[in-house]
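The values are calculated or read from the model by the stated rules, or taken from the named source; none is laboratory data. Remember, predicted model here, so these are calculated numbers, not experimental data. Here the Cβ is made from the backbone with ideal geometry for all residues, glycine too, and neighbour counts use every protein chain on show. Heavy atoms of the whole protein, side chains included, go into the accessibility calculation; ligands, DNA and RNA do not. Shrake-Rupley method; radii C 1.70, N 1.55, O 1.52, S 1.80 Å.
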Amino acid sequence: MSDRRTAILEAAATVIARRGVRGLRVEELAVEAGVSKALIYYHFEDRTGLLRRTLAFVNNRAERYTAEQSAADAAAGPDAVTDPGTTTGAAPTTGPLRRLEQALLLELQDLPHVRENSTAWGELRASAVFDPELRGELALASVIWVREVADQLGEVRPTAPESALTASAERLTALLEGLSARWLSGILPLTDARTRMREAIGVEVAHLAGHVARLPADDMPTSSQKLD
């Protein structure tokens, strides 16, 4: 991606977070990005194309800061995971459950780029209600996110069936979006939002412990095998 195209998408995320999707104006976007209006139209044919690419950019940026945190933890030592809500230098925790918590709690940090990313995502999600094309892009990004969380849950509860892991991931990601919106709008303090997220993770992990993956019929032991 060219530097100018990236600058336009960064600016679009900023303007959407500030003004909402309906408040996105090419003139303001051009000023924010430091480019001409003509260049915006050159890179993005129309408003829908710009919104779709901005949604992908916001999603990819969230993945990048998650990957950066994971890389920092890897440098700290095997299985080391630092809680993104703790102060610098806090002792890292370990294991797949802590890695799952970290991946979700990274979306609840009082940092400018996290605030902007989460706000822009929320605005784009709300706009997708009225935009079928944007809805498809959002659905794809959400499916990928749910799949990633389901895989992490599978590391915590390896015996849980796929359907149960996916259902838990759906609930956790939906709750995270709701908690993020409440925090960003000032309804819920950040510390409370993080606590609720941790509690929900605990509930889902405990719920998955009650599920045992069923073996296919051909793999079930016969009566004679049981006697043996």
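Here Arg115 meets the list (1) under 17 Å from the mean Cα position of the chain (by Cα); (2) at positive phi almost entirely, failing just condition (2). When you scan segment 135-143, do you find a residue that is farther than 17 Å from Ala13 by Cβ, among the hydroxyl-bearing types (Ser, Thr, Tyr) and open to solvent by less than 70 Å² (accessible area, probe 1.4 Å), even just one? Within segment 135-143, one or more residues are farther than 17 Å from Ala13 by Cβ, among the hydroxyl-bearing types (Ser, Thr, Tyr) and open to solvent by less than 70 Å² (accessible area, probe 1.4 Å). Among the residues of segment 185-200, those identified as free of Cβ contacts under 8 Å to residues at least 60 places away in the same chain, open to solvent by 40 Å² or more (accessible area, probe 1.4 Å) and farther than 16 Å from Val114 by Cα are Ile187, Asp192, Thr195, Arg196, Glu199. Looking across segment 1-58, the residues that are among the hydrophobic types (A, V, I, L, M, F, W, C), part of a loop (DSSP other than H, G, I, E, B) and within 15 Å of Glu116 (Cα to Cα) come down to Val21, Leu24.
Restricting segment 33-53 to residues that are charged (D, E, K, R) and surrounded by 17 or more Cβ atoms within 10 Å (Cβ to Cβ), which is farthest from Asp131 (Cα to Cα)?
At the first step, the residues of segment 33-53 found to be charged (D, E, K, R) are 37, 45-47, 52-53.
Then keep just the ones that are surrounded by 17 or more Cβ atoms within 10 Å (Cβ to Cβ); that gives 52-53.
On the way: Arg52: 10, Arg53: 14 Å.
Going through the qualifying residues, I end up with Arg53.
Per this entry, Phe130 is not counted among residues that are buried (at least 16 other Cβ atoms within 10 Å of the Cβ), at pLDDT 85 or above and aromatic (Phe, Trp, Tyr). For segment 22-32, a residue qualifies if it is in contact (Cβ under 8 Å) with a residue 12 or more places away in the chain and either on the phi > 0 side of the Ramachandran plot or open to solvent by 20 Å² or more (accessible area, probe 1.4 Å) (or both), and the qualifying residues are Arg22, Val26, Glu28, Glu32.
Quick one: is Glu155 at pLDDT 95 or above, in contact with a Pro (Cβ under 8 Å, 6 or more places away or on another chain) and open to solvent by 50 Å² or more (accessible area, probe 1.4 Å)? I'd like the intermediate steps shown before the answer.
Values: at pLDDT 95 or above: yes; in contact with a Pro (Cβ under 8 Å, 6 or more places away or on another chain): yes; open to solvent by 50 Å² or more (accessible area, probe 1.4 Å): yes.
For Glu155, the condition - at pLDDT 95 or above, in contact with a Pro (Cβ under 8 Å, 6 or more places away or on another chain) and open to solvent by 50 Å² or more (accessible area, probe 1.4 Å) - is met.
When Asp79 is tested against (1) modelled with pLDDT of 60 or more; (2) farther than 29 Å from Leu9 by Cβ; (3) open to solvent by 70 Å² or more (accessible area, probe 1.4 Å), only condition (1) is not met.
Just give me the residues in segment 162-179 being among the hydroxyl-bearing types (Ser, Thr, Tyr) and either open to solvent by less than 10 Å² (accessible area, probe 1.4 Å) or modelled with pLDDT under 95 (or both), in sequence order. Explain how you work it out, then say what you get.
So the first thing to find is which residues in segment 162-179 are among the hydroxyl-bearing types (Ser, Thr, Tyr), and the list is 163, 166, 168, 173.
Answer for segment 162-179, where residues must be among the hydroxyl-bearing types (Ser, Thr, Tyr) and either open to solvent by less than 10 Å² (accessible area, probe 1.4 Å) or modelled with pLDDT under 95 (or both): Ser168, Thr173.
Per this entry, Glu116 is counted among residues that are part of a helix (DSSP H, G or I) and out of contact with any Leu (no Cβ under 8 Å at 6 or more places or on another chain).
Open to solvent by 50 Å² or more (accessible area, probe 1.4 Å) and modelled with pLDDT of 90 or more, is that true of Ala120? So Ala120 does not fit the description; no.
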